[in-house]
Amino acid sequence: MASAALSRRVEKVVGYPPLCEMSDVQRREFHEALLEAGSFEDVPGKWQAAILEAEQNRPKLRIVTSD
């Protein structure tokens with residue numbers, strides 16, 4: 001079963017490409033791969049690459065303060 005750290009990592013980026021653009025079949029395959037993985041390193045390479053790409057597509061948020 002996926003570790004809490006892996007689950008949190010995926011939750012942060014599942015709404016960004018390419019993960020948000022998956023077909024139903026791909027989504028099922030991805031979900032099954034996550035359930036079988038204990039850590040990021042256990043995830044098959046193509047899904048590791050998709051997670052990394054989604055992380056890069058995630059907007060960079062920054063805190064702006066007024067002085």
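List of remarks:
- For the chain, the fraction of C-alpha pairs farther apart than 19 angstrom is 32 percent.
- Burial order of peptide ranges 53-63, 37-47, 19-29 (average beta-carbon count within 10 Å, highest first): 37-47, 19-29, 53-63
- Residues whose placed amide H lies under 5 Å from that of SER3, excluding near-sequence neighbours: SER39
- The charge dipole of the chain, taken about its Cα centre with unit charges on the Cβ of Lys, Arg, Asp and Glu (plus for the first two, minus for the last two), comes to roughly 240 debye.
- Residues of the stretch 1-20 with amide N under 19 Å of a point placed 7 Å along Cα→Cβ from GLN26: 10-20
FYI, it's all coordinate maths here, none of it is from the lab. Note that the structure is predicted; figures quoted are calculated from it, not measured. Cβ sites come from the backbone with ideal geometry, for glycine too, and all protein chains shown count toward neighbours.
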